[in-house]
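Report on the following structure.
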Amino acid sequence: MLRRRKSEMKTAPPGLLLVEDQESMRQMLMEYLVPTGFEVQVCASADQALQRLRSGTLVSDIPVDVILTDVRMPGMDGLEFCRQVKNYRPALPVIVMTAYGSLDTAIDAIRAGAFDFVVKPVELELLRASLLRAAENSQLKRRVRVLEDQESDRKFPDLIGQSDVMVRLKSQLESVLQSSAPVLITGESGTGKEVVAAELHRQGPRSKKALIAVNCAALPLNLLESELFGHVKGAFTDARDAHEGLLVKADGGTLFLDEIGELPLEVQPKLLRVLEQKTVRPVGGSREIPIDVRIISATNRDLTSAMDEKQFREDLFYRINVLELTVPPLRSRGTDVLILARHFYQKFSDRDAADEGFDEQVLQRFLNYDWPGNVRELRNVVERAVVMASGGTIQAHLLPEKIRQHQSSRLIIDDSDNQPLATLETIQTRYIQYVLSRTGGNKSEAAKILGLDRKTLYRKLKEIDPKK
């Protein structure tokens, strides 16, 4: 029997610091909140609470995720306490309890930086819901900070993320660094294949020489040949001078061929000859120029299918694919999306308090969204939101509508009797999509996992989405 999938990361009990001078109120709140799962610590005054926060002398080992404070107390009042906490711990949410009907106090609380306010006499269920929202927000941000701390001392600082698939990619990357064999980097568009190529060069023995990149899809045939191999004077009408090709310029270093799946068929045998003989003959020339270049290629296409369709040479495929690295799609990287979002926030914002950059609803939507455009899409979304927020916290309404309205397509099956059951067609469709996401869009590999031949898989994909 399939059961509902549980979270991979266990959440600690929410830690609450209660600041209330009236003993009867403290006792009533504790008697309600402790049985519902809160780890509660109490202080009888704001001065005492602030001193304990700053000195680290709170009793419990559970971190404080949220503070609940009264407003009217002897000494420092709750609003000043809220301001002090936000100056000292800007990421720590504070919920303020105000007297019934005191709208001005509620407004002052929000201005002081309060996460929320509740009105006395307190409605306990509403209070608990507000405390849980604040605690979940705090815990989520703390998890991101922990993951970032783990990330900071890694060998590949530009490959951001600590998910299992990224750890595996970094391990594979490290194992091929010292080789000069050709590498093929596969993965969906926007996953960061060019970043992997740059790390291969920067960390490898050729790092003191040039890394030269060329987009095989961006240049017309005649210009691409000239750019790659060079040409001699008079080789064609506009060849007034000799031109040194990128393969020669990259001698001793690395040539990155992005979107190699779009390389014209006419150029493919010439590139194969370079890889086999390690020499280059410029267009119109008769002299072979010896070169020592590491070739790194990248593609978001399924080259196996391209070979079946006679759009890519089989012999060239095996020459460029001596070593293969697959960059996972963002939707399969779990909480990496939060680390990346915070990284981009810091890149595009001049604010120091990055912990306050995203509203909790935004972080949850980031986790739920499938990111078809991968890391590139996330980067654009964060940059746009930073501009729209004008220095404030990024709220959910600043996100594109497709992210705000997105419903996760992940398959979750509940074993309780009162849940509607999915049709077999729905389960099949979602599982095919899931396998494709895990294989980085590689249809040949997905077909093997699914136990289908490629033609059957293509037919099923057409049935799922006729536009593809």
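The values are calculated or read from the model by the stated rules, or taken from the named source; none is laboratory data. Nothing here was measured: the structure is a model prediction, and the numbers come from that model. Glycine also receives a Cβ, built like all others from the backbone with ideal geometry; neighbour counts cover every protein chain displayed. Ligands, DNA and RNA are excluded from the accessible area calculation, which covers all protein heavy atoms including side chains. Shrake-Rupley method; radii C 1.70, N 1.55, O 1.52, S 1.80 Å.
This table checks each residue for (1) touching a Phe, Trp or Tyr at 6+ places or on another chain (Cβ under 8 Å); (2) within 23 Å of residue 233 (Cβ to Cβ); (3) among the β-branched types (Val, Ile, Thr); (4) in contact (Cβ under 8 Å) with a residue 40 or more places away in the chain.
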site	(1), (2), (3), (4)
268	yes, no, no, yes
277	no, no, no, no
295	no, no, yes, yes
302	no, no, no, yes
322	no, no, yes, yes
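Results for (1) at pLDDT below 85; (2) open to solvent by less than 20 Å² (accessible area, probe 1.4 Å); (3) not acidic (Asp, Glu), shown as yes or no for each residue.
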position	(1), (2), (3)
44	no, no, yes
66	no, yes, yes
77	no, no, no
82	no, yes, yes
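Residues in the stretch 109-141 that are open to solvent by 60 Å² or more (accessible area, probe 1.4 Å), of a type in the set (D, E, K, R) and more than 26 Å from residue 341 (Cα to Cα): how many?
Qualifying residue count, the stretch 109-141: 4.
Limited to the stretch 20-43, what total is found for residues that are under 18 Å from residue 118 (Cα atoms), in contact (Cβ under 8 Å) with a residue 12 or more places away in the chain and assigned to a helix (DSSP H, G or I)?
Number of matching residues: 6.
Suppose we filter the stretch 378-402 for residues that are buried (at least 18 other Cβ atoms within 10 Å of the Cβ) and either closer than 16 Å to residue 331 by Cβ or at pLDDT 90 or above (or both); how many remain?
Of the residues in that region, 8 qualify.
List the pairs whose first member sits in the stretch 74-88 and is aromatic (Phe, Trp, Tyr), whose second member is open to solvent by less than 70 Å² (accessible area, probe 1.4 Å) and part of a helix (DSSP H, G or I), and whose Cβ atoms are under 8 Å apart, counting only residues at least 6 apart or on separate chains?
81/46; 81/49; 81/50; 88/50; 88/53
Answer yes if at least one residue in the stretch 276-292 is under 32 Å from the mean Cα position of the chain (by Cα) and closer than 22 Å to residue 197 by Cβ, and no otherwise.
Checked against the condition, which is being under 32 Å from the mean Cα position of the chain (by Cα) and closer than 22 Å to residue 197 by Cβ, the stretch 276-292 yields no hits at all.
Just one of the numbered conditions (1) open to solvent by 10 Å² or more (accessible area, probe 1.4 Å); (2) modelled with pLDDT of 90 or more; (3) not hydroxyl-bearing (Ser, Thr, Tyr) is not true of residue 337; which one?
(1)
Mind telling me which of the residues 224, 257, 219, 247 ends up being under 30 Å from residue 177 (Cβ atoms) and assigned to a loop (DSSP other than H, G, I, E, B)?
219
For residue 246, all conditions in the list (1) in contact (Cβ under 8 Å) with a residue 40 or more places away in the chain; (2) open to solvent by less than 30 Å² (accessible area, probe 1.4 Å); (3) in contact with a strand residue (DSSP E or B) (Cβ under 8 Å, 6 or more places away or on another chain) hold save one; what is the number of the exception?
Checking residue 246 against (1) in contact (Cβ under 8 Å) with a residue 40 or more places away in the chain; (2) open to solvent by less than 30 Å² (accessible area, probe 1.4 Å); (3) in contact with a strand residue (DSSP E or B) (Cβ under 8 Å, 6 or more places away or on another chain), the one that fails is (1).
Looking at the structure I just gave you, is residue 286 among the small types (Gly, Ala, Ser), more than 26 Å from residue 169 (Cα to Cα), open to solvent by 80 Å² or more (accessible area, probe 1.4 Å) and modelled with pLDDT under 95?
For residue 286, the condition - among the small types (Gly, Ala, Ser), more than 26 Å from residue 169 (Cα to Cα), open to solvent by 80 Å² or more (accessible area, probe 1.4 Å) and modelled with pLDDT under 95 - is met.
Inspect all residues belonging to the stretch 433-440 and state whether any of them is buried (at least 17 other Cβ atoms within 10 Å of the Cβ), outside any helix (DSSP H, G or I) and at pLDDT below 80.
Taking every residue of the stretch 433-440 in turn, at least one turns out to be buried (at least 17 other Cβ atoms within 10 Å of the Cβ), outside any helix (DSSP H, G or I) and at pLDDT below 80.
Could you grab me the full set of residues in the stretch 65-100 that are out of contact with any helix residue (DSSP H, G or I) (no Cβ under 7 Å at 6 or more places or on another chain) and part of a strand (DSSP E or B)?
97
Name every residue in the stretch 167-191 that is polar (S, T, N, Q) and out of contact with any Lys or Arg (no Cβ under 6 Å at 6 or more places or on another chain), in order of residue number.
Going through the stretch 167-191, the residues polar (S, T, N, Q) turn out to be 171-172, 175, 178-180, 186, 189, 191.
171, 172, 175, 178, 179, 186, 189, 191, listed by residue number.
Going through the stretch 153-183 one residue at a time, which ones are in contact (Cβ under 8 Å) with a residue 60 or more places away in the chain, under 21 Å from residue 333 (Cα atoms) and more than 14 Å from the chain's Cα centre (by Cα)?
If the condition is that a residue be in contact (Cβ under 8 Å) with a residue 60 or more places away in the chain, under 21 Å from residue 333 (Cα atoms) and more than 14 Å from the chain's Cα centre (by Cα), then 169, 172, 173 are the ones that fit.
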